[in-house]
Structures are given as structure tokens and as C-alpha cells.
Amino acid sequence: MKKFFFVGLMTFAATSLMAAVNVATFENEAGGINVAHADTCWQGANTPVIGWNNWKSGDFNFQTYYGGNSGYGDYYAAFTVTNEVSTTATAMGYDAPYRSASGGGYNGSSNFAVKYVDSYSPDTIKFSKQTVQGFFVNNTPYTIGGITTNNYSPAHQFKQTDYLVLYCIGLNDKEVVDTVRVYLAKDGKLIDKWTYVELASLGEINGLIMTMWGSDISTYYGQDYLNTPAYFAMDNFGATKPLDYVVPEMREFTVATGVEGVEVVTPAQKIFRNGQIYILRNGVMYNINGAVVK
């Protein structure tokens, strides 16, 4: 009888502990996230400072990197909180990257997060050691435009063999534990609905790096760059998969053939490197003063 009570007590305690996790929903919080108006964004602070801006949603600590104004608009990397509902993006894309393919957050929520992955300013989601159950992911309209057309240069329309993958790298005291891979686009299909990603296989971790790579790349000055817009949308980080969840089908799109010969007009592309902002245009790199970088 005592043994049964002990086991039951332990089960109750474990269940209570799991239920106690505060999911990062990215909704407005007093003294924290404040997406002040409809169809707008919040980049880590009401007035971001140059460098890293730290903030929190639920039990999880996030970051936004603000690089200042390069003359081509303000530069932000890592996470932005947004409530934009449009499912379109302009051909330039820079003025509307913080949208989801579903138009809003998971399950009709107002706020969600969009991450711009900049390999020169990697950030880590930090939290107390635990088994993170998962989160919901979606593509952004800007990224989908870069995958499905030649209008979002320097990106090229995907061929059948092209892919875009999100890497979720689990950390235990800064040591890499394992990686979960999520294909945002592959084999002529792409994610355009909120899709659950399971992270429990990473075990107990206290940090997560989220980065992206794909098959559409260019090389400048000995460095590979991803041409596809490196944005993805995320919501309900830390959430358990709903009991009634059904994996949504990926959207098929028309793949390119003979795309190697396609020429695209390349506008200015902002790159953050070694603590500085550079402009890449037609294969030539410039600093923010307009001087060519050798």
C-alpha cells in the first residue's frame, strides 16, 4: 500500500512538473514583449540597442541582434516578434520578411516569432535544463518567394533536387548533444502551414541553436552564402504536441528546369560579418561608406 502511494505520488509530481512549463507563445507581456499596434513587429525592445537585445517569453530566453542603420534600413538578426497577417511579400522582400505563410500565429493566435538566420551572429535560446517537447514551424512568404520563383534574387527557383533545411542543435552546458533536422522545402514540396517539430529526442538540454542551410548557395571571397531568404516562423516553443494533431501536407510547387542558365537582377543584399554590416551587389562587397571591400 505504501509502495503504491509512493509511485502514485512520483507520477503526480512528474505530471505536475511537465505541466508547469511556461510555453513561449510570444504574446504581449507586461514589461516584456509589446507589439504595440496591429500588423507590426517588435525587435527585442521598444528601443533596441546596438548589439544583442535579450528578452523572454514563457520560460525561455531569446535574443535579437540590432546592427544599426546601414543606409539600406535597420539591420536585425535572430528573433523578431510579429503580428503581421499578410501572406505576401514584395520581390525585394526586405520590407516585409516578418510574416507567416498561414497569415498569423499558430491556431489563430496574434503573435509569433520570425527568425532571420545570420551565420555571423549566431544566437542561442537559453533555459533551465529540461526536455523541450517541441514547437510549431512555418515558412515565411519571403522565403517561399525565393523557393518558387526567380523574383527574389539572389535566390533561384528550386529544382526538384533542391532543399532548405532548419537545424535545431541541442546544447547541454554549451556542448552539442544532437541535432533535429526539419526540411522546410524538399523534393518539390514546402511547408506552408504550422507544423509541429518534436525536440524530445534531444533529451535534457539547456540551450538550442536554430540555423538554416540549403542547396541554393553562392560563394563570395571564399565564403558560401545561402541565396534562399534565411527566414522561418515559429510559435509555441516548448509546447507538447496536441493530442488531436494531424501533420499537414506540404504544398507542391512548380520546380525549375535548366535553371542554371537563368540570369537574375541582383539588388543590394545586406550581410553582417565580423561585427560590421556590408552590402553585396552583383558579386562586389561594399562597406557602409560605399567603399569596395577587397
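Remarks
- Subset of the stretch 31-46 [part of a loop (DSSP other than H, G, I, E, B) and out of contact with any Phe, Trp or Tyr (no Cβ under 8 Å at 6 or more places or on another chain)]: GLY31, HIS37, ALA38, ASP39, THR40, ASN46
- Any chance LEU208 is open to solvent by 80 Å² or more (accessible area, probe 1.4 Å) and more than 18 Å from ILE144 (Cβ to Cβ): no
- Contact annotation: residue pairs with Cβ atoms under 6 Å, 6 or more positions apart or on different chains, pairing a residue in the stretch 241-257 that is open to solvent by 100 Å² or more (accessible area, probe 1.4 Å) with a partner that is not in a loop (DSSP other than H, G, I, E, B), are GLU252/LYS189.
The values are calculated or read from the model by the stated rules, or taken from the named source; none is laboratory data. Just so we're clear, the structure is a prediction, and the values are computed from it rather than from any experiment. Neighbour counts run over all protein chains shown; Cβ positions are idealised from the backbone, glycine included. Remember, those area values only see protein heavy atoms, side chains included, never the ligands or the DNA or RNA. Shrake-Rupley method; radii C 1.70, N 1.55, O 1.52, S 1.80 Å.
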